[in-house]
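Working notes, structure below.
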Amino acid sequence: MKNTGIVRKIDNLGRVVIPAEIRKVMFIREGDPLKIYTGELGEVMFKKYSPLGELRHFAGMYAETLHQTSGFAVIVCDRDMVIAAAGAPKKELLERRVSDALKGHMERRGVFADTGDGSKSLMPVDGMEYRVVTVATVIVSGDVYGCVALLSNGDAAHVTETEIKLVSTAAGFLAKTMEE
């Protein structure tokens, strides 16, 4: 645990303000859920909570099946990082922060498909050779929770309507699983 040197008082309703500097560094946005932990020595710790991250094992199995079906590398991301991967080196992808471009796509809530001509190239994480060929957003009760994407490490990958439907189905299935 790192000492920030910042001290805050709890108000009469039990609230404490997390400083803007810490929210910025930790990518905590208004409305983000935080999980609260306590330690044996009186520590109180907050950790960003990812409902989709709770399905990490299940998402990994789904990604593996989707990879075997499509032949493309597959990632499942929450709003901030890659939580499952198949068909690509997991060490390169797992727990990596998603790119700002992929975050922007998630906020637009659509399905993205690369045209293959390089004009719409979308990188899943910064500093890698893989690029997104198609991606669909996981939406639960109107809120964005993450995405499912097929990746290619080559320059030209032909994505068909079938692959677009596969990622849309995967995103929809994960959303339904989270609703229950």
- Show me 5-18, 59-72, 79-92 ranked by packing, highest mean number of other Cβ atoms within 10 Å first. 79-92, 59-72, 5-18
- Message: What is the angle, in °, between the Cα long axis of helix 161-179 and the longest principal axis of the Cα atoms in the chain? Nearest 10 is fine, range 0 to 90.
- Response: 30 degrees
- Note on the structure: With +1 at each Lys and Arg Cβ and -1 at each Asp and Glu Cβ, the charge dipole magnitude of the stretch 62-118 around its Cα centre, to the nearest 20 debye, comes out at 140 debye
- Query: Based on DSSP H runs of at least 4 residues, each adding -39500 (n - 2.57), what is the mean residue ellipticity at 222 nm of the chain after dividing by all its residues, to the nearest 500 deg cm²/dmol?
  - Reply: -9000 deg cm²/dmol
- Message: Suppose every Lys and Arg Cβ carries +1 and every Asp and Glu Cβ carries -1, with no other charges. What dipole size does the chain come out with about its Cα centre, to the nearest 20 debye?
- Response: 540 debye
- Long pairs among 24/90; 9/48; 47/176; 9/176; 9/91, criterion Cα-Cα beyond 30 Å: 9/176; 9/91
- Message: Suppose a student asked you for the relative contact order of the stretch 1-86, using Cα pairs under 8 Å spaced at least 6 residues apart; what percent would you report?
- Response: 17 percent
- Query: Which residues' amide hydrogens lie under 5 Å from the amide hydrogen of residue 98, considering only partners 5 or more residues apart or on another chain, with H built in the peptide plane?
  - Reply: 81, 82
- Please work out which option in (1) 45, 31, 31; (2) 61, 42, 27; (3) 58, 35, 28 gives Cα extents along the principal axes in Å calculated from these coordinates, and answer with its label. (3)
- Name the shape class, rounded, prolate or oblate, that the alpha-carbon gyration tensor gives for the stretch 50-100, where a ≥ b ≥ c are the square roots of its eigenvalues, rounded holds for a/c under 1.5, and otherwise prolate holds if a/b is larger than b/c and oblate otherwise. oblate
- Query: Given a Förster radius of 35 Å and the C-beta distance between residue 161 and residue 126 as r, what FRET efficiency does 1/(1 + (r/R0)^6) yield to the nearest 0.05?
  - Reply: 0.75
- Expressed as a whole-number percentage, the relative contact order of the stretch 41-180 with C-alpha contacts under 8 angstrom and at least six residues apart is 21 percent
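Read the figures in this text as sums done on the coordinates, not as results from a lab. Computed from a predicted model, the values in this text were never measured in an experiment. Positions of Cβ are generated from backbone atoms using ideal geometry, with glycine treated the same way; all protein chains shown enter the neighbour counts.
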